[in-house]
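Novice: Handing you a structure now.
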Amino acid sequence: MGSSSAPREHQLVEELRELRSKQHEVEDEIAELQARGLAAEIKRNGAGAAAIVAAAVGVFAIGLLTTLAAASEDVKDWLNWYNPTGPLSGKTTLGTIIWLVVWIAAHYALRRNEVNLNKIAMVSAVILAIGLLLMFPPIFQLFE
Amino acid sequence: MQIVDRELWTVLHGMVFGTIFLLAFAGGLAGLWSLRPGLITLEGIRDRLLRLRVGLVTMAVVAWVTVLSGNYIVYPWYRASDPSSARSRLLANPNTALWHQFGMEWKEHVAWVAPILATAVAFIAIYYGPRLVGDRRLRYLTIALFVVAFAAAAIAGLLGAFLNKAAPIGPTG
C-alpha cells in the first residue's frame with residue numbers, strides 16, 4: 001500500500017505546485033488589468049470586518065456610557081446634552097459618534113486586507129455581548 | 001374618533017416605523033439566506049441583490065427614524081417632570097414602578113442596537129453584493145448581525161407596547 005501511494009502523493013504535490021503557480025499568474029494579470037482600469041477591484045473582506053467590529057464597538061460604547069451614567073451623577077449630568085431627553089441624549093449621540101469614528105478608521109485600515117473572519121466574529125461577539133449586558137437594567141443598576 | 005398629536009407620534013414611532021422594520025425582517029432574512037451558490041442563477045443573483053439592497057437600506061433608515069423619533073419626540077413627553085407624565089404615574093405606584101425601572105430603562109437603550117447593526121448589514125450588502133454568494137462566512141456573519149438587530153428592535157417594540165398600555169402618553173402625559 002505504501003509503495004503505490006508515494007507516486008500518487010508526488011503527483012498531487014506537483015499538481016498543487018502547478019495550480020499555485022497559475023494562481024500567481026492570474027493574480028498578476030488581474031492586478032495589471034486593474035492598474036489599466038479594465039477590471040473591477042477585487043474586494044477583500046476587510047471592509048466587512050470593519051463594519052462588523054465597529055457596530056459591536058458602537059453598541060459597547062452605548063452600554064458603557066449607560067453604566068457610567070448610573071455609577072456617577074457627574075457623568076450623568078455631563079451626558080444631559082438635550083434636557084427634554086436627559087442623559088439618554090448624550091449616551092446615544094456619543095455612542096453613535098464613537099461607532100462612526102471607529103468604523104471610518106477601521107474601514108480605511110482594513111479594506112485592502114483579507115482578514116480572519118472567525119477571529120473577527122469572536123471578538124465582535126464578545127464586545128457586543130458586553131455592550132448588551134451593560135445596557136441591561138439589572139446590570140447597570142448595580143452601579144447606582 | 002380623535003387622535004391628538006402625542007398619540008399620533010406614539011403611533012408613528014411604534015406602530016408605523018417600528019413595525020415596518022420588524023415586518024421587513026422576514027424578507028431581509030430570506031433574501032440573505034437565499035444567496036447561496038446552488039440555489040440561484042446569475043439572473044437570480046442580480047434580481048435578488050437589487051431587492052435586498054433596497055430592502056436593507058430602507059430598514060436601516062426606518063430604524064434610525066424610529067429611534068430618533070423615540071428619543072427626541074416621544075421620550076421627552078414620557079419623562080416630563082410633572083406628576084401627570086407617564087413616568088411619574090408609573091413610579092408613583094409601587095405595583096407599576098418596575099415598568100419604568102426595568103421596562104423603559106431597557107427599551108430606551110437596547111433600541112439603539114437595531115439601527116447600528118442594520119446599517120452595518122446594509123453596508124455589507126451594498127459593498128459586497130455578489131461576493132456574498134461565494135463568501136459563506138461573511139454571509140453568515142451578516143445574517144447573525146441582522147438577527148441581533150431584529151431581536152433588539154423586537155424587545156424595544158414589545159416593551160413599548162406594554163408601557164403604552166400601562167401608562168399611555170395621552171394628551172397631557
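Values in this text are rule-based calculations from the coordinates and carry no lab data. What you are looking at is a predicted structure, and each value in this text was computed from that prediction instead of being measured. Cβ atoms come from the backbone with ideal geometry, glycine included; neighbour counts cover every protein chain shown.
Novice: For segment A:73-144, just say rounded, prolate or oblate: build the C-alpha gyration tensor, square-root its eigenvalues into a ≥ b ≥ c, call rounded for a/c under 1.5, and beyond that prolate if a/b exceeds b/c, oblate if not. Working shown, then result.
Specialist: Numbers: a/c = 4.18, a/b = 1.69, b/c = 2.47.
It is oblate, given that a/c is not under 1.5 and a/b is not larger than b/c.
Novice: Which order results if B:Ser34, B:Ser84 are arranged by neighbouring Cβ count within 10 Å, fewest first? Could the numbers behind the result be given before it?
Specialist: Values: B:Ser34 14, B:Ser84 11.
The most exposed by this proxy come first: B:Ser84, B:Ser34.
Novice: What's the magnitude of the charge dipole for the protein assembly as shown around its Cα centre, counting Lys and Arg as +1 and Asp and Glu as -1 at the beta-carbon? Answer in Debye, nearest 20.
Specialist: Dipole size: approximately 460 debye.
Novice: In the Gaussian network model of chain B, springs joining C-alpha atoms below 10 Å, which of B:Leu42, B:Leu12, B:Leu90 carries the largest mean-square fluctuation?
Specialist: Of B:Leu42, B:Leu12, B:Leu90, the Gaussian network model singles out B:Leu42 as fluctuating most.
Novice: While we're here: If each residue's Cβ is checked for other Cβ atoms within 10 Å, how do B:Phe162, A:Phe136, B:Phe17 rank with the fewest at the top? The partial results should precede the final answer.
Specialist: Values: B:Phe162 14, A:Phe136 18, B:Phe17 21.
Fewest to most other Cβ atoms nearby, the residues stand as B:Phe162, A:Phe136, B:Phe17.
Novice: Ok, one more. Can you tell me the 0 to 90 degree angle between the C-alpha axis of helix B:113-128 and the longest principal axis of chain B, rounded to 10?
Specialist: On a 0 to 90 degree scale, this one is about 20.
Novice: If each residue's Cβ is checked for other Cβ atoms within 10 Å, how do A:Ser89, A:Ser5 rank with the fewest at the top? Can you show the working numbers first?
Specialist: On the way: A:Ser89 19, A:Ser5 10.
So the residues, fewest neighbours to most, are A:Ser5, A:Ser89.
Novice: Convert each backbone phi in segment B:61-76 into a coupling constant with the Karplus relation 6.51 cos²θ - 1.76 cosθ + 1.60 (shift: θ = phi - 60°), then list the ³J(HN,Hα) values in order as whole Hz, x for Gly and Pro.
Specialist: Computed from phi, the couplings for segment B:61-76 are 4, 5, 4, 5, 4, 5, 6, 5, 5, x, 4, 10, 10, 6, 4, x Hz.
Novice: Compute the angle between helix A:2-35 and the longest alpha-carbon principal axis of chain A, please, reported from 0 to 90 degrees and rounded to the nearest 10.
Specialist: 60
Novice: So what is the 222 nm mean residue ellipticity for chain B from helices alone, if each DSSP H run of at least 4 adds -39500 (n - 2.57) and you divide by all residues, rounding to the nearest 500 deg cm²/dmol? Write down the numbers at each step before the final one.
Specialist: Working: 9 runs with 118 residues, N = 173.
Estimated from H runs of four or more residues: -21500 deg cm²/dmol.
Novice: Let me ask something else. Relative contact order of chain B, please, whole-number percent, based on alpha carbon pairs below 8 angstrom and at least 6 residues apart. Write down the numbers at each step before the final one.
Specialist: Working: 185 pairs, mean separation 60.4, N = 173.
For chain B, the relative contact order is 35 percent.
Novice: How many nm separate the modelled label positions at A:Lys119 and B:Trp33, each set 7 Å beyond the Cα in the direction of the Cβ?
Specialist: Result for the modelled spin labels: 3.2 nm.
Novice: Follow-up question, since we're still on this one. Given a 10 angstrom Cα cut-off, can you work out which residue in A:Leu134, A:Leu79, A:Leu19 is the most mobile in a GNM of chain A?
Specialist: A:Leu19
Novice: Could you give each residue of segment A:122-131 its phi-based ³J(HN,Hα) in whole Hz, using Karplus coefficients 6.51, -1.76, 1.60 with θ = phi - 60°, and x for Gly or Pro?
Specialist: 5, 4, 5, 4, 5, 4, 5, 5, 5, x
Novice: Before anything else, pin down the relative contact order of chain A: Cα pairs under 8 Å, at least 6 apart, normalised by residue count, whole percent.
Specialist: Working: 149 pairs, mean separation 49.0, N = 144.
Value for chain A: 34 percent.
Novice: In a GNM of chain A with a 10 Å cut-off on Cα contacts, which of A:Ile62, A:Ile130, A:Ile42 has the highest mean-square fluctuation?
Specialist: A:Ile42
Novice: Which three extents, in angstrom, do the Cα atoms of chain B have along their principal axes, listed largest first?
Specialist: Largest to smallest, the principal-axis extents are 61, 32, 21 Å.
Novice: Whole-Hz Karplus ³J(HN,Hα) for segment A:64-79, in order, using 6.51 cos²θ - 1.76 cosθ + 1.60 and θ = phi - 60°, x for Gly and Pro?
Specialist: Per-residue couplings from phi come out as 5, 5, 5, 5, 4, 5, 5, 7, 9, 5, 5, 5, 4, 5, 5, 7 Hz.
Novice: What size of dipole, in debye to the nearest 20, comes out for segment B:32-112 about its Cα centre when the only charges are +1 on Lys and Arg C-beta atoms and -1 on Asp and Glu C-beta atoms?
Specialist: Numbers: 9 positive and 5 negative charges, 43 e Å.
Approximately 200 debye in magnitude.
Novice: Rounded, prolate or oblate: which one fits chain A, using the alpha carbon gyration tensor with axes a ≥ b ≥ c (rounded when a/c is under 1.5, else prolate when a/b beats b/c, else oblate)?
Specialist: Verdict is oblate for chain A.
Novice: What 222 nm value per residue comes from the helices of chain A, counting each DSSP H run with n ≥ 4 as -39,500 (n - 2.57) and dividing by all residues, nearest 500 deg cm²/dmol?
Specialist: Numbers: 6 runs with 112 residues, N = 144.
My calculation for chain A gives -26500 deg cm²/dmol from helical runs alone.
Novice: A further question follows. Using a ≥ b ≥ c from the Cα gyration tensor of the protein assembly as shown (square roots of the eigenvalues), is it rounded, prolate or oblate, where a/c under 1.5 gives rounded and otherwise the larger of a/b and b/c decides, a/b for prolate?
Specialist: prolate
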